[in-house]
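To start, the structure under review is shown below, and the notes come after it.
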C-alpha cells in the first residue's frame with residue numbers, strides 16, 4: 001500500500017463517508033483548495049481494485065505550539081520552538097473500517113512528518129483528535145497537552161525511535 005496526493009480528477013471524494021460530516025466535507029470541498037494555496041497537503045489511500053475509491057485520507061500542515069501546555073521538561077528542552085507538524089485530519093471510510101487502515105495511514109503520516117523534520121527541524125507532531133479518537137492516538141504514544149484532552153502531541157524523537165524499532 002502507498003498513499004498518494006489527493007487528485008480531484010481521479011479520486012471520488014463524494015463517495016467517501018467516514019461518518020463525521022466535518023471530515024467528509026473537508027475532503028469534498030476544501031482539501032484541494034487548501035493544497036493549491038500551499039496551506040496543507042492531503043494524501044489518500046486508494047482501493048487497489050478501484051483506485052478512484054478512497055479508503056482513508058490524512059492532511060498534513062504546520063501549527064503553532066503553546067509551550068505552556070507542554071510538560072515542564074519539554075518546555076525547557078524546546079523553549080525556542082514555535083511550530084510543530086500537524087496531522088490536521090485523518091479519517092477512514094466506514095466501508096473499510098476495522099481493518100487496520102487507520103493505523104496504516106497514521107504511521108504513513110508520521111513517516112512523512114519525520115522525514116520533513118529532518119529537513120526543517122521541528123520537535124513535535126500535534127493532532128486535534130475528534131471525539132472518540134483520543135484513545136486511538138494514545139495507543140501510538142500521543143500525550144494530551146495540559147488541560148486539553150483532545151489536543152495531543154508526540155515528539156519527533158519518540159516517532160524516530162518507534163519507527164526504528166518496527
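Going through (1) closer than 21 Å to residue 125 by Cα; (2) modelled with pLDDT of 95 or more; (3) over 17 Å from the mean Cα position of the chain (by Cα) one by one, residue 33 falls short only on (1). Restricting 136, 140 to those that are in contact (Cβ under 8 Å) with a residue 12 or more places away in the chain, more than 11 Å from the chain's Cα centre (by Cα), in a helix (DSSP H, G or I) and farther than 22 Å from residue 76 by Cα reduces the list to 136. Taken over region 69-94, the criterion of being free of Cβ contacts under 8 Å to residues at least 24 places away in the same chain and assigned to a helix (DSSP H, G or I) is satisfied by 72, 73, 75, 76. Residue 147: surrounded by fewer than 19 Cβ atoms within 10 Å (Cβ to Cβ), touching a helix residue (DSSP H, G or I) at 6+ places or on another chain (Cβ under 8 Å) and more than 17 Å from residue 57 (Cα to Cα), yes or no? Judged against the criteria, residue 147 is a match. Does residue 91 meet the test of being surrounded by 14 or more Cβ atoms within 10 Å (Cβ to Cβ), more than 17 Å from residue 159 (Cα to Cα) and modelled with pLDDT under 95? No, not satisfied.
Matching residues to (1) in contact with a helix residue (DSSP H, G or I) (Cβ under 6 Å, 6 or more places away or on another chain); (2) touching a residue at least 40 places away in the same chain (Cβ under 8 Å):
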| position | (1), (2) |
| --- | --- |
| 5 | no, no |
| 23 | no, yes |
| 29 | no, no |
| 44 | no, yes |
| 51 | no, yes |
| 56 | yes, yes |
| 66 | no, yes |
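A residue that is under 20 Å from residue 130 (Cβ atoms) and under 14 Å from the mean Cα position of the chain (by Cα) can be found somewhere in region 5-23. Restricting attention to region 110-132, the residues that are over 15 Å from residue 62 (Cβ atoms), in contact (Cβ under 8 Å) with a residue 40 or more places away in the chain and assigned to a loop (DSSP other than H, G, I, E, B) total 1. Selection of region 29-46 for residues being closer than 18 Å to residue 9 by Cα and surrounded by 14 or more Cβ atoms within 10 Å (Cβ to Cβ) yields 30, 31, 32, 34, 35, 41, 42, 43, 44, 45, 46. Taking region 103-132 as the search range and keeping residues that are under 21 Å from residue 21 (Cβ atoms) and surrounded by 19 or more Cβ atoms within 10 Å (Cβ to Cβ), which one is modelled with the lowest pLDDT? Only one residue fits best here, namely 129.
The values are calculated or read from the model by the stated rules, or taken from the named source; none is laboratory data. Computed from a predicted model, the values in this text were never measured in an experiment. Here Cβ is always computed from backbone atoms with ideal geometry, including for glycine, and neighbour counts include all displayed protein chains.
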